1. Give me a count of the residues in segment 122-154 that are touching a residue at least 40 places away in the same chain (Cβ under 8 Å), within 17 Å of the chain's Cα centre (by Cα), in a helix (DSSP H, G or I) and surrounded by fewer than 17 Cβ atoms within 10 Å (Cβ to Cβ).
2. In segment 11-115, which helices (runs of 4 or more DSSP H) lie fully inside it and hold 3 or more residues that are among the charged types (D, E, K, R), within 20 Å of residue 144 (Cα to Cα) and open to solvent by less than 60 Å² (accessible area, probe 1.4 Å)?
3. On the basis of being among the basic types (Lys, Arg) and at pLDDT 85 or above, does residue 150 make the cut?
Amino acid sequence: LGQADSMAKIWKSDELARLVDTVDNASPKGKRDLAFIMFAAELGMRSTDIRNLRLTDIDWEQCRVTFVQSKTGKPNSLPLSEKLGTAIIDYLRMRPQTNSSYLFIKLTPPYEQMARFNGAFERYTRRAGIHVEPQAHHGLHSLRATLATKLLENDVAADVIVPFLGHSDKHSLHRYIQLDIENLRKCALAFEDGELI
C-alpha cells in the first residue's frame with residue numbers, strides 16, 4: 001500500500017458539491033474543468049487517462065467511454081451517466097474549433113492536448129474552503145479513492161469494482177478497504193478491560 005493511497009482524502013458529497021459550485025460553468029474553461037472533474041468523480045478515472053481521451057473514445061449511442069489505461073495498458077469501457085454526458089456536451093459546444101483529436105484541450109492556440117490538471121483542482125479546493133488534513137493527499141486522484149470507498153460502503157461486489165476501476169485483481173482493493181473507515185468500525189470487535197463484549 002503506497003503512502004499516497006493510504007493518506008488520500010475521502011470526499012464527502014457536500015464537499016464535492018461545494019467544489020463544483022466554485023467552477024465558473026458559464027465559461028469555456030469552467031465547462032471543460034467541470035467535465036474533467038466529473039470523469040474522475042463519477043468514473044474514478046486517472047487524470048492521465050482523462051487527459052488522453054480522444055473524441056472517438058465517446059460512444060454516444062451506447063453511452064460509454066472506452067479507452068486504454070495508461071497505467072496498465074489494458075482497455076476499459078465505462079458507462080456515461082446523463083449528468084456526465086450533459087457536461088461533456090456543454091463543454092463541446094464551447095470547445096474551440098480545432099483539428100485536435102483530444103477531447104480535453106488547452107483553450108489558447110494552437111489548442112494542443114490539455115496539460116496536467118492537479119494544480120487547477122487544488123485551486124478549486126482552496127477556493128471552496130474545503131478542509132484538508134495536512135497529511136492527506138487531495139489531488140484529483142483522491143476522487144478515485146473516494147469513489148472506490150463509496151462503492152464498498154454500498155456493498156458493491158469486488159467483482160464489479162475491480163473491472164470498473166480497471167484494476168487487475170481484487171488485491172488492489174485492499175488500499176480502499178483500509179480507507180473505508182465506517183465499515184471497518186462495524187467490523188471492529190469491542191473490548192472492555194481486556195474482555196470481548
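1. Number satisfying all stated conditions: 0.
2. In segment 11-115, the matching helices (runs of 4 or more DSSP H) lie at 28-43.
3. When the stated conditions are applied, residue 150 passes them.
The values are calculated or read from the model by the stated rules, or taken from the named source; none is laboratory data. The structure displayed is predicted, hence computed values, not measured ones. We place every Cβ from the backbone using ideal geometry, glycine too, and count neighbours over all the protein chains shown. Accessible surface is based on the protein model in full, side chains and every heavy atom, while ligands, DNA and RNA are left aside. Shrake-Rupley method; radii C 1.70, N 1.55, O 1.52, S 1.80 Å.
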